[in-house]
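Let me begin by presenting the structure, written as structure tokens, before commenting on it.
Bear in mind these aren't lab numbers, they're just calculated from the coordinates by the rules spelled out. None of these values were measured; they are calculated from a predicted model. Cβ placement follows ideal geometry from the backbone for every residue including glycine, while neighbour counts extend to all protein chains displayed.
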Amino acid sequence: MSRLILSRRRLMSAGTVGLAGLMLEGCDRLSHAPRFQNAIGRTEDLTKASQRLLLTGQPLAKEFSATQISPVFKPNGSVMPDSDAYQELMANNFADWRLVVEGLVRRPVQLSLDQLKAMPARTQITRHDCVEGWSAVGQWTGVQLARVLNLVSPLPQARYVVFRCADDLANTGDASGLYYESIDFFDALHPQTILAYELNGKPLPVANGAPLRLRVERQLGYKQAKYVMRIQLVDRLDQLGRGKGGFWEDRGYAWYAGI
Amino acid sequence: MTTEAIETPVATKPRPPSRAREVIHRHSGVVRLTHWINVLVVSLLLMSGLQIFNAHPMLYWGSYGANFDHAWLAALARSTPTGLHGGLRIGGVVLDTNGVIGVSPGPGGQTLVRGFPTWATLPSWQDLATGRRWHFFLAWILVLNGLVYLLAGALNGHFRRDLAPTRRELSPRSLLASVVDHIRLRHPTGEAAKRYNILQKLAYVGVVFVLLPGMVVTGLAMSPGVDAFAPWLTTVLGGRASARSIHFICANLIVLFVIVHVVEVFLAGVVNEVGSMITGRYVLPREHGQ
């Protein structure tokens, strides 16, 4: 009897190890299976719906005091767009740079950095949460996106605000690798959603997105598009890039980055 | 727990009662089902969590923390004359974890600079987006499964009856006696085996009411969306970087619990213990000396 139990015991241990191995192999296979990944990715909709429910009252993201600012605000992703066009704009201190706002709007506009700075500014000390897990606290100054959208009068069918950037993060050399991002009006009209031109009281450094970057404080870092050149209002996202609404979204990350 | 005595089938004459196998109904259907769902879900949450950790294998205290800030824990890949060497720095101490943490072999035997090794992460290759998709999908299942378990345990009296330590059990004397029993690998038999012992109760209570809910809460505290809704949550935990550190520590404590739990299952009789978590029926170990 004890022999039988011993062998049963051994069998169970061996079985457990074998099962674990099979499980790992299976999970790797499932990680490669687009249909399975699409299916489990549907919980992202559940996450978004739950968070949007909690955020119905449009609360502000936590703001910090000046003493809590990170000594160094870590730049990530592109730190120096290398296109000739961007290099020329940078050489002239972005005096020739114009923010183009177009798409499903009544009055498309082009705004210079000075024009943006002449608009009412908002300064906020917030925490930047990277999808990788690190965080940095910085003070941002810029113009609320809602004010810029007001200037152009979005058409009723406009649902998303798309940010087209100067950096070729995929390093493809053509437009297919250019960074872009998108948010919906729930976040676009939030008071803390700003187009920032200053970091910690100084002009936005190139490494952090000069001359203008998006701050959408209730989402992760990859939504905070840097080197914004053009803002486009659209009714759907599937015709841009690879159709997922952003550079990292096209590479598997969730469009809603609230977690 | 209902008790039913099952007589061992004997062809000729009945055996004396002491030889009878006493079988009790140990685990309810809800406990059994949620337990095995948790085995799968917590394992995969751990592995997808390590995948996410690998994207930035450093931990900090406070509101923020990035490469230029002081990390209290960091996976290292140091250059040595013989090549890259993996390590783990915790506070001021550097542990040699080469081959597992910091630097580990890849599927083709190549050297990978990686927080945790391929066999510990989901997916095995470096892929943060897929790791996150798994992690949040599994987190929803953990929460739903946990709610079913908690609701059932609270309503049917399981927590009060089987998990809540009594005042007497919590006395230093009884705690010490239980510690000694565990060290000597003595497992309760007969009547005593019908109940969880006090260390077992404390371990289960700790995991069920502290560590697993703690994982969910510290996980949510890292979410910028949840932070905007309930900034006090992240503040109470000491900031987002702290919440991430506590999330990692709780995960490690759960791993520690699982190791002890599985060792105890083997010591107490793996067939009977695992069997009782599958069928609910548990054969009471005989009294000592029988």
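Toward the positive end of the charge dipole of chain B, with +1 on the Cβ of Lys and Arg and -1 on the Cβ of Asp and Glu, the farthest Cα among B:242, B:152, B:93 is that of B:152. Sum up the charges of everything whose Cβ sits under 13 Å from the Cβ of residue B:101, counting Lys and Arg as +1 and Asp and Glu as -1, but leave residue B:101 out. Value of the local net charge: +2.
When you restrict to C-alpha pairs under 8 Å that are six or more residues apart and normalise by the size of chain B, the relative contact order lands at 22 percent. Under the shape rule built on the C-alpha gyration tensor, where the axes satisfy a ≥ b ≥ c, the protein assembly as shown is prolate, since a/c reaches at least 1.5 and a/b is greater than b/c. Which percent of the Cα-Cα distances in the stretch B:58-115 go past 14 Å? Summing the P(r) tail past 14 Å for the stretch B:58-115 gives 56 percent. Dipole size of the stretch A:1-102 about its Cα centre, with +1 on Lys/Arg Cβ and -1 on Asp/Glu Cβ: approximately 1300 debye, rounded to the nearest 20. Net charge in the neighbourhood of residue A:15 (other residues with Cβ under 13 Å of its Cβ; Lys, Arg +1, Asp, Glu -1) is +3. Please give the Cα centre distance for the stretch B:84-155 versus the stretch A:154-187, rounded to the nearest Å. The stretch B:84-155 and the stretch A:154-187 have Cα centres spaced 32 Å from each other. Once every Cα of the stretch B:159-290 carries one equal point scatterer and solvent is ignored, give the base-10 log of I(q)/I(0) from the Debye formula at q = 0.13, 0.19 Å⁻¹, two decimals. After summing over all Cα pairs, the log10 values are -0.70, -1.10. Working note: 222 nm ellipticity from helices only, DSSP H runs with n ≥ 4, each -39,500 (n - 2.57), summed and divided by the residues of chain B, gives -15500 deg cm²/dmol to the nearest 500. For the stretch B:85-129, the convex hull drawn through the C-alpha positions has a volume of 73 cubic angstrom per residue.
Taking the inverse of the mean 1/r over every pair of distinct Cα atoms in the stretch B:65-164 gives a Kirkwood hydrodynamic radius of 16.8 Å. When only alpha carbons are used to place a centre, the stretch B:46-79 and the stretch B:162-185 end up 38 Å from one another.
Taking Cα centre as origin and charging only the Cβ of basic (Lys, Arg, +1) and acidic (Asp, Glu, -1) residues, the dipole magnitude of the protein assembly as shown rounds to 2040 debye. Computed about its Cα centre, the charge dipole of chain A is approximately 1100 debye, with only Lys, Arg, Asp and Glu carrying charge at their Cβ.
Within the shell defined by Cβ-Cβ distances under 9 Å, the residues around residue A:179 carry a net charge of -1, with Lys and Arg each +1 and Asp and Glu each -1.
Using the Cβ-Cβ distance between residue A:198 and residue A:32 with R0 set to 41 Å, the FRET efficiency from 1/(1 + (r/R0)^6) comes to roughly 0.40. Using a simple spin-label model with pseudo-atoms 7 Å out from Cα toward Cβ, residue B:84 and residue A:91 lie 3.8 nm apart.
With a Förster radius of 51 Å applied to the C-beta separation of residue B:94 and residue B:286, the computed FRET efficiency comes to 0.50. For the peptides B:149-160, B:40-51, the ranking by mean Cβ contacts within 10 Å, running from highest to lowest, is B:40-51, B:149-160. Which of rounded, prolate or oblate describes the stretch A:211-259 when judged by the alpha-carbon gyration tensor and an a/c cut-off of 1.5? The shape class here is oblate. Report, in degrees rounded to the nearest 10, the 0 to 90 angle that the Cα long axis of helix B:172-183 makes with the longest principal axis of chain B. Computed tilt is about 80 degrees.
The base-10 log of I(q)/I(0) for the stretch A:135-259, evaluated at q = 0.16 Å⁻¹, reads -0.76 [Debye formula, identical scatterers on Cα atoms, solvent excluded].
Each of residue A:207 and residue B:187 was given a label point 7 Å from its Cα along the Cα-to-Cβ line. The distance between the two points is 5.9 nm. With each label modelled as a point 7 angstrom along the Cα→C-beta vector, the residue A:102-residue A:23 pair spans 5.4 nm. The protection proxy used here, the mean number of other Cβ atoms lying within 10 Å of each residue, ranks peptides A:22-31, B:238-247 as follows, highest first: B:238-247, A:22-31. For a paramagnetic label modelled at 7 Å from the Cα of residue A:170 toward its Cβ, which residues of the stretch A:37-79 fall within the zone defined by backbone nitrogen distances under 20 Å? A:38, A:77-79, by backbone N distance to the label point. Among B:122, B:260, B:29, which residue has its Cα positioned farthest towards the positive end of the charge dipole of chain B, with +1 placed on the Cβ of Lys and Arg, -1 on the Cβ of Asp and Glu, and the dipole taken about the Cα centre? Value computed over the given set: B:29. A dipole drawn for the protein assembly as shown from +1 and -1 charges on Cβ atoms has a positive end, and of B:219, A:64, B:275 the residue lying farthest that way is B:275. The sum of -39500 (n - 2.57) across all DSSP H runs of n ≥ 4, divided by the residue count of chain A, sets its helix-only mean residue ellipticity at 222 nm to -9000 deg cm²/dmol. Solvent-free Debye calculation, one equal scatterer per alpha-carbon of chain B: log10 I(q)/I(0) at 0.11, 0.14, 0.16 Å⁻¹ equals -0.81, -1.13, -1.31. For chain A, the share of alpha carbon pairs falling in successive 5 Å distance bins from zero is 1, 5, 11, 15, 17, 15, 11, 6, 4, 3, 3, 2, 2, 2, 1, 1, 0, 0 percent.
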